[in-house]
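Here it is, the structure in full.
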Amino acid sequence: MTPQNWSVYVELDATDASDDVHDELFAVLSGHDAQPTTADNGNFAVILSVAAAGPAEAAQAAIDLVLSAAPAQLGDRRVVGLEVVTEAEQERRNAQTED
């Protein structure tokens, strides 16, 4: 399969992520267009772009990136949420919310 770009949402079981954590992840993962955010339930999450052959590979790559980039102050957190869509689908969704 030819690699394509995927938009991946990775949510961690961390409700205590400071602004510094958001800033640090943004800087470390900037090459992946990372957008640290807070999930509706208060958990720390990151939306990022990865190139991969398929959704399973994109999911694993994104999880590895987020967990390896997470600052020590987050401790050992586990992934509690994950969504993988093509970047084209993410752009379509973004366009819908702007209407």
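The values are calculated or read from the model by the stated rules, or taken from the named source; none is laboratory data. None of the values given here were measured: they were computed from a predicted structure. Neighbour counts are summed over all protein chains in view; Cβ atoms, including those assigned to glycine, are modelled from backbone coordinates with ideal geometry. Remember, those area values only see protein heavy atoms, side chains included, never the ligands or the DNA or RNA. Shrake-Rupley method; radii C 1.70, N 1.55, O 1.52, S 1.80 Å.
Kindly provide the helix-only [θ] at 222 nm of the chain, computed as the sum of -39,500 (n - 2.57) over DSSP H runs of four or more divided by all residues, to the nearest 500 deg cm²/dmol?
Computed mean residue ellipticity for the chain: -11500 deg cm²/dmol.
Using only Cα atoms and rounding to the nearest 10 degrees, what angle (0 to 90) does helix 87-98 make with the longest principal axis of the chain?
Once rounded, the angle reads 80 degrees.
Considering only protein heavy atoms, what per residue accessible area in square angstrom results for the chain with a 1.4 angstrom probe?
Spelled out: the 1.4 Å probe surface of the chain, per residue, equals 58 Å².
Counting only other residues whose beta carbon sits under 13 Å from that of residue 59, what net charge do I get with K and R as +1, D and E as -1?
Residues near residue 59 contribute -4 overall.
Going through the chain, which trypsin sites (Lys or Arg not before Pro) have at most 11 other Cβ atoms within 10 Å and a DSSP loop state?
78
To continue, here is another question. Kindly express, to the nearest 10 degrees and within the range 0 to 90, the angle between helix 19-28's C-alpha long axis and the longest C-alpha principal axis of the chain.
Helix 19-28 sits at roughly 50 degrees to that axis.
Using only alpha carbon pairs under 8 Å that are at least six residues apart, calculate the relative contact order of the chain and give it in whole percent.
41 percent.
Also, I was wondering about something else. Got a number for carbon plus sulfur as a percent of the stretch 46-99's accessible area, 1.4 Å probe?
49
Related question: In the stretch 1-88, what is the volume of the convex hull around the alpha carbon atoms, normalised per residue and reported in Å³?
82
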